[in-house]
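Structure, as structure tokens:
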Amino acid sequence: MARKIFGQVQHYDWGDTAFIPQLLNQPEDTKPWAELWLGTHPSAPSHLDSVDGPLLSDVTSNMTMLVKILSCSQPLSLQTHPTVQQAERGYAREESQGISLSDPRRMYKDTSDKPELLIALTDFHALCGFANIEDSINQLGELGWNEEADILDTSGIDGYLLWAFDQRTLPSNRQLLPGWMLQLLDQYPTDMSLRIVPLLHHVILRPGQAISLPAGNLHAYLHGAGLEVMKSSDNVVRAGMTSKHVDVAELQRIVDTTPREHPVVNPLRDGSTSVYPSPSPAFSVSRLSGGTLPASDNIRILFGEIWSPQREFGLLGAGETMTIHGDTWVCTQH
């Protein structure tokens, strides 16, 4: 039998003021409602049945999957996440250095990777993975960044990153920059990571489309609302576009500069079910357009028209079936 989940809201300064409160049928206020967490993460554990009901972890134990509703009106940091092996080494190194888990310089707070899948609930703007070198050279030329184009052509992406982060000023010509890049430049006028931005795919997801973010993928969310499913980890290595700690050397050690031809992914439809390509075997996400959700050995978090036409959140335990009345996303921890 499905049980209703009550998540916890995170009020980060980049959040939107309207989407999440409207989703939860709550009054808007002046706070930025950035994320709603659904899971057992100790920073914001979910409850069952009511806002002060039993903890979700009382039923599921600690889940390795975390589900979020995210809504941003301002860009998030340019960042990436480690593999398991990189996380283990990074955690051990920072432990040996005596860096507290609460220290803002701490990047590795656990030994897990953090693959992510972001599904757009509104039009969603993001930077996601490196484009191929030829396209990036052409893009830099169209922006009038001719020196950058030459460096990329002769040094490749890895060499370009080393060069770009070693610079002290940004290109001064603004007239050819697209509006979204001008916004970033106005917000971060001295941030050298902005030299990297033209090498990344700038994508606009339509509702239902997704980006899949395996370890090493350099990305930034710019604007919009989405359903985010990930491993429940706090490991983040930032490149820029933030007031938080940035470690360029560590970023260059773990970032994956392999070009990605097709950053946007669409679900593969099989009857009434559409399955999203997952960046990890640890979780899967599917969308069911009505019908019966069959039994499974796994715990599943549901988001959608579960009991009524409104967007709601539920937990379906192992071995349970459920009739879905409308579109519902099914997030499964394996």
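The values are calculated or read from the model by the stated rules, or taken from the named source; none is laboratory data. Please read all numbers here as calculations on a predicted model, not as lab measurements. Don't worry about glycine lacking a Cβ; one is built from the backbone with ideal geometry, like all the others, and counts go over all protein chains shown.
Summary of computed values
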{"item": "Of all residues making up segment 69-88, the number that are in contact with an Asp or Glu (Cβ under 9 Å, 6 or more places away or on another chain) and part of a helix (DSSP H, G or I)", "result": "4"}
{"item": "Residues being assigned to a loop (DSSP other than H, G, I, E, B) and either surrounded by 21 or more Cβ atoms within 10 Å (Cβ to Cβ) or touching a Gly at 6+ places or on another chain (Cβ under 7 Å) (or both) - total across segment 33-68", "result": "6"}
{"item": "All helices (runs of 4 or more DSSP H) inside segment 108-206 with 2 or more residues being surrounded by 13 or more Cβ atoms within 10 Å (Cβ to Cβ), under 23 Å from the mean Cα position of the chain (by Cα) and not aliphatic (A, V, I, L, M)", "result": "179-187"}
{"item": "Subset of segment 207-229 (residues that are assigned to a loop (DSSP other than H, G, I, E, B), buried (at least 18 other Cβ atoms within 10 Å of the Cβ) and touching a Lys or Arg at 6+ places or on another chain (Cβ under 8 Å))", "result": "215, 217"}
{"item": "Residue satisfying all of: in segment 89-107; of a type in the set (S, T, N, Q) and not in a helix (DSSP H, G or I); farthest from residue 16 (Cα to Cα) among these", "result": "97"}
{"item": "Leading residue by the ranking (nearest to residue 230 (Cα to Cα)) among those in segment 254-290 that are in a strand (DSSP E or B) and under 18 Å from the mean Cα position of the chain (by Cα)", "result": "283"}
{"item": "Residue in segment 85-101 that is aliphatic (A, V, I, L, M), within 27 Å of residue 277 (Cβ to Cβ) and touching a residue at least 40 places away in the same chain (Cβ under 8 Å) present", "result": "yes"}
{"item": "Qualifying residues in segment 281-334 (those that are of a type in the set (Gly, Ala, Ser) and touching a residue at least 60 places away in the same chain (Cβ under 8 Å)) - the one nearest to residue 207 (Cα to Cα)", "result": "314"}
{"item": "Near pairs, Cβ below 6 angstrom, 6+ apart or cross-chain, from segment 58-80 (touching a residue at least 24 places away in the same chain (Cβ under 8 Å) and within 18 Å of residue 120 (Cα to Cα)) to any residue that is part of a strand (DSSP E or B) and of a type in the set (Phe, Trp, Tyr)", "result": "68/37; 72/221; 76/221"}
{"item": "Residues (surrounded by fewer than 22 Cβ atoms within 10 Å (Cβ to Cβ), touching a residue at least 60 places away in the same chain (Cβ under 8 Å), of a type outside the set (A, V, I, L, M) and assigned to a loop (DSSP other than H, G, I, E, B)) located in segment 233-253", "result": "234, 242, 244, 245, 247"}
{"item": "Matching entry among 184, 213 (being in contact with an Asp or Glu (Cβ under 6 Å, 6 or more places away or on another chain) and closer than 23 Å to residue 14 by Cβ)", "result": "213"}
{"item": "Options 262, 201: the member that is at pLDDT 95 or above and either farther than 30 Å from residue 61 by Cα or of a type outside the set (Asp, Glu) (or both)", "result": "201"}
